[in-house]
Amino acid sequence: MRKAAPNAELIVDANEAWRADNFAANLAACADVGVTLVEQPLPAGDDAALATIKRPIPVCADESVHDRVSLGSLVGKYDAVNIKLDKTGG
């Protein structure tokens, strides 16, 4: 991809597929190839490890966000939030 589009921004949506025991290695691998953001790496509700693991690139919440009330539990775990229009009423 870098050869075809060297200036493209790469974002990885892990879609809750990573685990706390492989998060740091996966995130480091992403950083090494120039990924600029990883979205929802750990399963929603099982993301406490994000608060304790150093992140070389930003991590964005998606499935962990359901409404404004859920935002408070994300502080210190995520660097950004993906706000989907369908979740906010259009």
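If a residue has to be part of a loop (DSSP other than H, G, I, E, B) and out of contact with any helix residue (DSSP H, G or I) (no Cβ under 9 Å at 6 or more places or on another chain) to count, how many in the range 56-67 make the cut?
Start the filter on the range 56-67 by keeping residues that are part of a loop (DSSP other than H, G, I, E, B), which leaves 56-58, 62-67.
Within this subset, residues satisfying the condition of being out of contact with any helix residue (DSSP H, G or I) (no Cβ under 9 Å at 6 or more places or on another chain) are 58, 62-63.
Of the residues in that region, 3 qualify.
Could you please find all residues in the range 56-87 being β-branched (Val, Ile, Thr) and either in contact (Cβ under 8 Å) with a residue 12 or more places away in the chain or open to solvent by less than 80 Å² (accessible area, probe 1.4 Å) (or both)? Break it down stepwise before answering.
In the first step, residues of the range 56-87 are kept if they are β-branched (Val, Ile, Thr); the result is 57, 59, 65, 69, 75, 81, 83.
ILE57, VAL59, VAL65, VAL81, ILE83 - these are the residues of the range 56-87 that are β-branched (Val, Ile, Thr) and either in contact (Cβ under 8 Å) with a residue 12 or more places away in the chain or open to solvent by less than 80 Å² (accessible area, probe 1.4 Å) (or both).
Considering only residues of the range 39-55 that are among the charged types (D, E, K, R) and assigned to a loop (DSSP other than H, G, I, E, B), which is surrounded by the fewest Cβ atoms within 10 Å (Cβ to Cβ)?
Within the range 39-55, the subset among the charged types (D, E, K, R) is 39, 46-47, 54-55.
With the extra rule that they be assigned to a loop (DSSP other than H, G, I, E, B), the set shrinks to 46-47, 54-55.
Working: ASP46: 12, ASP47: 22, LYS54: 7, ARG55: 17.
Among those residues, the one meeting the criterion is LYS54.
Are any residues in the range 7-20 on the phi < 0 side of the Ramachandran plot and at pLDDT 95 or above, and if so, which ones?
Taking the range 7-20 and keeping what is on the phi < 0 side of the Ramachandran plot, we get 7-14, 17-20.
Hits for the range 7-20 are ILE11, VAL12, ASP13, ALA14, ALA17, TRP18, ARG19.
Tally time: how many residues in the range 1-38 are of a type outside the set (A, V, I, L, M) and either surrounded by 13 or more Cβ atoms within 10 Å (Cβ to Cβ) or part of a helix (DSSP H, G or I) (or both)? Walk me through how you get there before you give the answer.
Keep residues of the range 1-38 that are of a type outside the set (A, V, I, L, M), which gives 2-3, 6-7, 9, 13, 15-16, 18-19, 21-23, 26, 30, 32, 34, 36.
From what is left, the residues that are either surrounded by 13 or more Cβ atoms within 10 Å (Cβ to Cβ) or part of a helix (DSSP H, G or I) (or both) are 13, 16, 18-19, 21-23, 26, 30, 32, 34, 36.
The number of residues fulfilling the criteria is 12.
Any residue in the range 1-29 that is within 18 Å of VAL81 (Cβ to Cβ) sitting within a Cβ distance under 8 Å of a residue that is among the hydrophobic types (A, V, I, L, M, F, W, C) and assigned to a helix (DSSP H, G or I)? List the pairs, counting only those 6 or more apart or interchain.
VAL12/CYS30
The values are calculated or read from the model by the stated rules, or taken from the named source; none is laboratory data. Treat the numbers as computed from the prediction; the structure is a model and nothing was measured. Don't worry about glycine lacking a Cβ; one is built from the backbone with ideal geometry, like all the others, and counts go over all protein chains shown. Ligands, DNA and RNA are excluded from the accessible area calculation, which covers all protein heavy atoms including side chains. Shrake-Rupley method; radii C 1.70, N 1.55, O 1.52, S 1.80 Å.
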